[in-house]
Every structure is written in C-alpha cells, then in structure tokens.
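K.L.:
Quick one: this structure, given as structure tokens, is what I'll be asking you about.
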Amino acid sequence: MSDRIKVLLVEDHPIVRQGLKRVLEEREIEVVGEASDGRGGVRMTGELRPDVVVMDISLPKLNGIEATRKIHREYPGVKVIMLTIHEEEKYIYKSFDAGAHGYLVKKTATESIADAIDEVLRGKTYLGPDLSPRILENYRRMTRSGKKRVDEFSRLTKREREILQLIAEGNTSKQIAEQLFISVKTVENHRANIMSKLEIHETAGLVRYAISIGLVD
C-alpha cells in the first residue's frame with residue numbers, strides 16, 4: 001500500500017493543472033485526480049478521498065469557495081488549499097470561512113505548493129509567501145472575537161449562491177433546473193429571493209454583481 005500523499009487538483013485551466021501535477025510528482029506526491037469545475041471537484045473528493053484538494057476560486061458551475069464549503073461539511077478530514085489569482089483580503093477571509101486550510105496565489109504556486117501541502121497536513125494554516133502575515137493575524141483576531149464579516153452575498157443561502165453563479169454564467173431557468181434537478185418554478189422562486197436580498201432587479205445587474213465579487217470571470 002502506498003504511503004504517498006494523495007492530492008486532487010480542481011482547476012479549469014489544463015496548463016495550470018499540468019504544471020502543478022509535474023511539480024507535485026517530482027516531490028513524490030500523488031495526483032489522484034483532476035476536475036475542471038467545482039461540482040466535479042466535490043464529487044471526486046467523495047469518490048477518491050484525497051488527503052488534500054488544491055482548489056481554484058474561479059470555477060464554472062460551482063465556484064471554489066462554495067465547493068470548499070461543501071467539502072468541509074461533507075468530508076471534514078480532507079484539507080483544502082485555495083489556489084487563485086486573487087490577493088485581496090476579502091477572498092482570503094471568505095476562503096477560510098468556508099473551511100480552507102491554506103491560501104496560495106498562482107504566481108508563486110510552483111515554488112510553494114509542496115510546502116503548503118506539508119503545512120496543512122501538519123494541522124497548520126498556510127498563507128502564501130507573497131501575502132502579508134498580518135492578514136492571517138487579522139483573521140484569527142476576528143474569529144476569536146466572533147466578529148462577522150457580513151455582506152450581501154453572505155445573506156444568500158447555499159442554493160441561492162449556486163443559482164446566482166449559474167445565472168451569471170448565462171444559464172436559463174430551465175437549464176439551471178436541469179442541472180440542479182429541481183423545478184423551473186423553484187429556480188424562479190430562488191431568483192426572486194436573490195434579487196430581493198441583493199436589491200437588484202434585472203438579470204444584467206445580477207451578472208455585474210457576480211463579476212464584481214469574483215463569483216465569475
């Protein structure tokens with residue numbers, strides 16, 4: 001039986017996956033699977049039970065933060081490292097709130113990914129070398145104090161977040177219903193709730209909002 005660390009890569013750019021896979025295999029870390037969207041990443045986590053999931057934030061069908069939230073809830077023993085272009089604190093906070101154990105920016109990924117995996121498997125929280133340690137200190141302080149980072153997006157339910165992303169990706173209500181195995185009427189009810197909570201009353205506005213918070217590119 002192999003004692004090698006098992007990693008699942010969830011990234012929608014094949015070239016990035018190939019580069020990470022090469023780096024990890026050079027360190028004798030086994031890449032047991034690859035997924036190109038968040039929903040596939042959650043499913044493959046259940047099937048493959050990797051030690052670590054390396055997760056992009058900007059993913060089709062289900063973004064990386066929501067996919068991380070599902071993995072943390074359903075497979076709590078699996079560590080998740082976010083891999084992203086985003087350096088803003090809001091993305092880091094949202095990732096850790098969702099259950100991520102590490103946060104790595106893509107421009108330093110090849111140099112740091114193996115170290116990040118080692119750290120999270122030792123039970124530590126990892127923050128990439130090009131990010132200020134102050135960010136993690138601030139997050140821990142806010143967590144200890146119970147201070148919540150409330151915004152409009154956090155008021156949406158998990159299903160509403162999922163549907164908002166699918167709307168922003170250009171799916172019709174019928175297409176969303178088929179993907180989520182729910183009725184069109186249910187989708188329309190969720191759409192109305194999303195618009196009410198965000199105080200946005202047309203689809204174009206929802207798309208602009210989703211782009212502004214990094215839910216879709």
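K.L.:
Would you be able to say whether some residue in the stretch 87-98 is of a type in the set (D, E, K, R), in contact with a helix residue (DSSP H, G or I) (Cβ under 9 Å, 6 or more places away or on another chain) and surrounded by 19 or more Cβ atoms within 10 Å (Cβ to Cβ)?
P.N.:
Yes.
K.L.:
Tell me, yes or no, whether the stretch 97-117 has at least one residue that is part of a helix (DSSP H, G or I), over 15 Å from the mean Cα position of the chain (by Cα) and within 28 Å of GLN179 (Cβ to Cβ).
P.N.:
Let us first name the residues in the stretch 97-117 that are part of a helix (DSSP H, G or I), namely 97-98, 106-117.
Okay, now just the ones that are also over 15 Å from the mean Cα position of the chain (by Cα), so 107-117.
Keeping just the survivors that are within 28 Å of GLN179 (Cβ to Cβ) gives none.
No: the stretch 97-117 contains no residue that is part of a helix (DSSP H, G or I), over 15 Å from the mean Cα position of the chain (by Cα) and within 28 Å of GLN179 (Cβ to Cβ).
K.L.:
Under 9 Å by Cβ, and 6 or more places apart or on different chains, what pairs join a residue from the stretch 83-111 that is within 11 Å of TYR139 (Cα to Cα) with one that is of a type in the set (D, E, K, R) and crowded, with 17+ Cβ neighbours inside 10 Å?
P.N.:
ASP97/ARG69
K.L.:
Okay, next question. Picking from ILE213, ILE176, which residue would you name as being at pLDDT 95 or above, under 23 Å from the mean Cα position of the chain (by Cα) and not small (Gly, Ala, Ser)?
P.N.:
Values: ILE213 fails: at pLDDT 95 or above.
Among ILE213, ILE176, only ILE176 is at pLDDT 95 or above, under 23 Å from the mean Cα position of the chain (by Cα) and not small (Gly, Ala, Ser).
K.L.:
Only one of these is outside the structural domain of THR157 (by TED's automatic domain parsing) and modelled with pLDDT under 95: HIS86, HIS101, HIS72. Name it.
P.N.:
Residue meeting the stated conditions: HIS86.
The values are calculated or read from the model by the stated rules, or taken from the named source; none is laboratory data. Worth saying up front: this structure is predicted, and the values here are computed from it rather than measured. Every residue, glycine among them, receives a Cβ derived from its backbone with ideal geometry; neighbour counts consider all protein chains shown.
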